Amino acid sequence: METRNLTCIGCPMGCALTVTMDGENITVAGNTCPVGEKYAKKEVTNPTRVVTSSVRVNGADIARVSVKTASDIPKNKIFDCMAEIMKIEVNAPVSIGDVIIENCAGTGVSVVATKNVPSAT
Amino acid sequence: MKQYDIVVIGGGPAGLAAAISAKKAGVSDIMILERDATLGGILNQCIHNGFGLHTFKEELTGPEYAARFIEQAKEMEIPYKLGAMVLSVSPEKVITYMNKEEGLVQISAKAIILAMGCRERPRGALNIPGFRPAGIYSAGTAQRLMNIEGYSVGKEVVILGSGDIGLIMARRMTLEGANVKVVAELMPYSGGLKRNIVQCLNDFNIPLKLSHTVVGIDGEKRITGVTIAEVDANRQPIPGTEVHYDCDTLLLSCGLIPENELTREIGVEMNRVTSGPNVDDKLQTGVEGVFACGNVLHVHDLVDHVSAEAALAGENAAAYVLSGTTSEKTHKITLKAENGVRYTVPQTIDVENMRDSVTVRFRVADIYHDRSIAVYYGDKKVMSRKKRVLAPGEMEQVQLKKDSFKDYPDITEITIRTEEA
Amino acid sequence: MIDSRYDAVVIGGGVVGCAVARELARYNLSLCLLEKEEDVCSGTSKANSAIVHAGFDAVPGTKKAEFNVKGNQMMDELARDLEFEFKRNGSVVLCFADEDMPKLAELYQRGLKNGVEGLEIVSGDKIREMEPNITDEVVAALVAPTGGIVCPFGLTIALAENAADNGAEFKFNTSVLNIKKVEDGYVIETNNGEIFAKTVINAAGVYSDEIHNMVSETKLHITPRKGDYCLLDKEAGNHVSYTVFQLPGKYGKGILVSPTVHGNLLLGPTAVDVDDKDNTATTAKELADVAKKSAVSVKNIPYRLTITSFSGVRAHEDGDDFVIGEVSDAPCFFDAAGIESPGLSSAPAIGVYLAELVADKLGAEKKADFNPKRKGFVKLAEKSFEERAALIKENPLYGVIVCRCMNVSEGEIVDAINRTLGAKSLDGVKRRVHQGMGRCQAGFCTSKTMEILSRETGIPMEKICKNSEGSEMLSHKM
């Protein structure tokens, strides 16, 4: 049996979680809502994060368009994902939700725009 | 001189939410004055996620959160001006602003909503000794350069202060290939959110040194290194604990200061703790018809709270314009913060004319475990809520219901304090 | 190989070098000023007390006394001609103990001998009436109405621009490596080639001993004397109206408390001899000293309003006086060395004196077309509503505020970059139009100012510097 103490990142409350792992059996204590339990179970088995960054945008009044992974990706894929994001350039206009990279770093998750960037005036 | 019903100074999250709610409350003659080239304020450079869990029940990035409000304001056809810098506001509510297109303009307003936000505490205010080379940035300035302009400020990074922007920038710079060596925090606790310590520092094995500060800066042209030392209980560096770090960048995330230069000019009463104006339960300042919300009123932890507060300010400003006056204050109660509660916003409540309930927001002075937040009407304890952890980095709030005052017709003071649970 | 030849070469673009250059520009001669940094006013001239001393402090008969009083008297006309910020706010020297009264009287007598006008000794109560925040411990004070405050950048840049407008050449990023005496003058070796000069004027600040020693056997020795300062926000700018000095006494060397021409409150300096001439690092101990000692003079100083602290190095020569004039064993080589306080006040007079000596040596005549006037920077924040509105109509960029704390517009920054000897760095912009000098210390306007600098000068963003090369602001484009 193994015990781990975590801080929930599900919301700004940052609940202090205690996770007890007994083989397949994982129990979570200290959470105030179901998000905490879900996060804790994931964190000890397959930790994931949403990655946010920005990519160069051409033909716009601003230099960068902000992006994020459409959902969380495995933590150990963060830098692979960043490597792809850092390589890419897009052309204006860009709208929130536009897919910038499909299946980023083999995670099956797309990178999408988080900012509306109109073409240069 | 053109007169508007409501002029909102600042088109960031607070100003947008205030204008939208004022319009919903029935006032159409609104003008938002924004000094930057876009609406949305500082959210535009906050490209990380974590916004909107309260407001939209989903996790958005800063630009996405801003876009929701910008789109709504545009749909509602709320007028705004960009690149419009307000130079002065008089107690008679005459506003002088300027921009490229119109030059210098004076307008007047029946009500003004102050929503100018805050600024970062600069190095000078921290009195960090040493050289004054290039490469020392407040975290938000570096954030803007990276996320808006597309330039990285450095490769070997030390961060002083563990405010949220500093934590977010530790991760941001790491993701872009920089080596963030350490985050030093003067206080024995972090000023940032716990989740940011986990996902911005712990995830990348960036050490957080609490009770540490920068005691020396090297490099005449560009910064080449800093010396960090542990501090004692009085926050004075302890000799012999100095550690040198080579670096080409020092980011500062040492607190935010409400930008109240205009507010002071109007002559409203200011609060020493919040550095914002004192307000009543309508978020009205000491000058009738002048309301304040968001980080200009007090520095918030979450934009969601800013939006909620600003919506209230907008609604109240609209009510003021529609009724032509504020109602006579018949039963004004002063809120007092004590024993670990640093301040409250609002600072007064007008019981007769209050809404069904009022949200009182505050911050605590230190990290407390297993304490209660207690509310006293006069000397009678009327509420006590146990909290496992209270931290200065996180804003707390209590709701006071209008009904609850029925049994206390004569109180003049409400006290909010922490107590041993 | 000689790359260029001049009748006169001034070494050093501080206030003294620029004053000499401006005065030399009155004459028919070829003139060049060498500065090792990217801009004028980059050494001692940029970090000092910004005071125009009345002249009671220096010992009668010294060069310090002579040039201080003369320089002070020149300042009104100079400020009018060159449009820099100068104000005669008056100085006071505080006496804290009855037993120190003779010292105060001595200062008064010195002032009389030096020719300082309007001096008066007043009681403690009287001075508190004049300046309510003076502490209760003060028993008497010497009041000098001719004392003033000046913008040291404004003065130096104005002198430099006016010199350039009248034909002086300026070579920046040019360090003097060696100087050789040749038959009819000197060959100055620099990192940018060799320059021949018939006459040389050494105004190299803390390095003036090294420059002097290149040509003379009568060696000079300068000790860099560092002083730390604190600058408080404009909110504290009215805390005192006079420049408040302390009588050196039981509290040791004095710390001054003074308003600045920009409306801030300045505290300092400490005085510590250092080994390194470029050691402009503040220390915690000295900054604490500034706070402690300033509180002796003035009550309730709102230290929490500190917006920045900085340090300057004064050129203290072993002889304890300015070294001014032709070097005895190096004809046609002129010193303006060891110019520490009251150097800023003295600079205009030193300029006149040395320019006359040099012109005399060269037999140069005065130019008929010398223009003593120079237009100051347009400062919108100081204009009336109507003037400002008219200016914005003329140039819409005056309507775009970049620095919100100091209210500096894009138009003013563009002007600062594109005029004579325009700014090439962030510090250059700051010193000319005060962008970033306010309470947020350029937190908000750094990126916008860099963009404007890059656009106007063609310097790529990654190469924009805080000051000279090596102080690049950014690491790379993402």
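Tell me, which residue of region A:37-52 that is touching a residue at least 24 places away in the same chain (Cβ under 8 Å) and under 20 Å from residue A:70 (Cβ atoms) is surrounded by the fewest Cβ atoms within 10 Å (Cβ to Cβ)? Restricting to residues being touching a residue at least 24 places away in the same chain (Cβ under 8 Å) and under 20 Å from residue A:70 (Cβ atoms), the top hit is A:46.
Counting just the residues of region C:414-448 that are touching a strand residue (DSSP E or B) at 6+ places or on another chain (Cβ under 6 Å) and in a helix (DSSP H, G or I), which one comes out nearest to residue C:43 (Cα to Cα)? Selected residue: C:433.
In this structure, is residue A:108 within 11 Å of chain B (Cβ to nearest Cβ), out of contact with any helix residue (DSSP H, G or I) (no Cβ under 8 Å at 6 or more places or on another chain), in a loop (DSSP other than H, G, I, E, B) and not charged (D, E, K, R)? Considered against the rule, which asks whether it is within 11 Å of chain B (Cβ to nearest Cβ), out of contact with any helix residue (DSSP H, G or I) (no Cβ under 8 Å at 6 or more places or on another chain), in a loop (DSSP other than H, G, I, E, B) and not charged (D, E, K, R), residue A:108 comes out as no. Which of (1) in contact with a Gly (Cβ under 9 Å, 6 or more places away or on another chain); (2) more than 10 Å from every other protein chain (Cβ to nearest Cβ); (3) farther than 20 Å from residue C:432 by Cβ does residue C:344 not meet, given it meets every other one? Among (1) in contact with a Gly (Cβ under 9 Å, 6 or more places away or on another chain); (2) more than 10 Å from every other protein chain (Cβ to nearest Cβ); (3) farther than 20 Å from residue C:432 by Cβ, the lone unmet condition for residue C:344 is (3). Exactly one residue out of C:171, C:180, C:219 is more than 22 Å from residue C:86 (Cβ to Cβ), in contact with a helix residue (DSSP H, G or I) (Cβ under 6 Å, 6 or more places away or on another chain) and not aliphatic (A, V, I, L, M), and it is C:219.
Within region C:168-195, the residues that satisfy the criterion of being surrounded by fewer than 17 Cβ atoms within 10 Å (Cβ to Cβ) and within 20 Å of residue C:27 (Cβ to Cβ) are C:169, C:184.
Mind checking whether some residue in region C:327-343 is within 17 Å of residue C:78 (Cβ to Cβ) and buried (at least 22 other Cβ atoms within 10 Å of the Cβ)? The answer is yes; a qualifying residue exists.
Based on this model, can you work out whether residue B:175 counts as under 17 Å from residue C:443 (Cα atoms), without any contact (Cβ under 8 Å) to a residue 60 or more places away in the chain and within 14 Å of another protein chain (Cβ to nearest Cβ)?
no
For residue C:71, indicate whether it is out of contact with any strand residue (DSSP E or B) (no Cβ under 7 Å at 6 or more places or on another chain), of a type outside the set (Ser, Thr, Tyr) and on the phi > 0 side of the Ramachandran plot. The answer is no for residue C:71. Just one of (1) crowded, with 24+ Cβ neighbours inside 10 Å; (2) more than 14 Å from chain B (Cβ to nearest Cβ) fails for residue C:357. It is (1). May I ask you to verify whether residue B:37 is assigned to a helix (DSSP H, G or I) and in contact (Cβ under 8 Å) with a residue 24 or more places away in the chain? Taking the combined requirement at face value, the residue does not satisfy it.
Residue B:306 - would you say it is farther than 30 Å from residue A:11 by Cα, aliphatic (A, V, I, L, M) and touching a helix residue (DSSP H, G or I) at 6+ places or on another chain (Cβ under 7 Å)?
Spelling it out, it is not the case that residue B:306 is farther than 30 Å from residue A:11 by Cα, aliphatic (A, V, I, L, M) and touching a helix residue (DSSP H, G or I) at 6+ places or on another chain (Cβ under 7 Å).
In region B:124-157, the residue that is farthest from the other protein chains (Cβ to nearest Cβ) out of those that are surrounded by fewer than 24 Cβ atoms within 10 Å (Cβ to Cβ) and in a strand (DSSP E or B) is B:156. Going by what's in this entry, would residue C:287 be described as crowded, with 24+ Cβ neighbours inside 10 Å, within 14 Å of chain B (Cβ to nearest Cβ) and of a type in the set (A, V, I, L, M, F, W, C)? Here the answer is no, as residue C:287 does not meet what is asked.
Which members of region C:269-318 meet the condition of being under 18 Å from the mean Cα position of the chain (by Cα), among the small types (Gly, Ala, Ser) and under 25 Å from residue B:236 (Cα atoms)? Correct list: C:271, C:309, C:311.
For region B:5-30, residues that are in contact with a strand residue (DSSP E or B) (Cβ under 8 Å, 6 or more places away or on another chain), outside any helix (DSSP H, G or I) and more than 27 Å from residue A:114 (Cα to Cα) total 7. Taking the condition surrounded by 19 or more Cβ atoms within 10 Å (Cβ to Cβ), part of a strand (DSSP E or B) and facing another protein chain (nearest Cβ under 10 Å), does residue A:90 pass? Considered against the rule, which asks whether it is surrounded by 19 or more Cβ atoms within 10 Å (Cβ to Cβ), part of a strand (DSSP E or B) and facing another protein chain (nearest Cβ under 10 Å), residue A:90 comes out as no.
With respect to residue B:121, determine if the residue is more than 7 Å from every other protein chain (Cβ to nearest Cβ), within 15 Å of residue B:41 (Cβ to Cβ) and surrounded by fewer than 23 Cβ atoms within 10 Å (Cβ to Cβ). Here the answer is no, as residue B:121 does not meet what is asked.
Any read-out appearing in this document is the output of simple, stated calculations on the displayed coordinates, not a laboratory observation. Everything numeric in this text was worked out from a predicted model, so none of it was measured. All Cβ positions, even for glycine, are placed from backbone atoms using ideal geometry, and neighbour counts span all protein chains on display.
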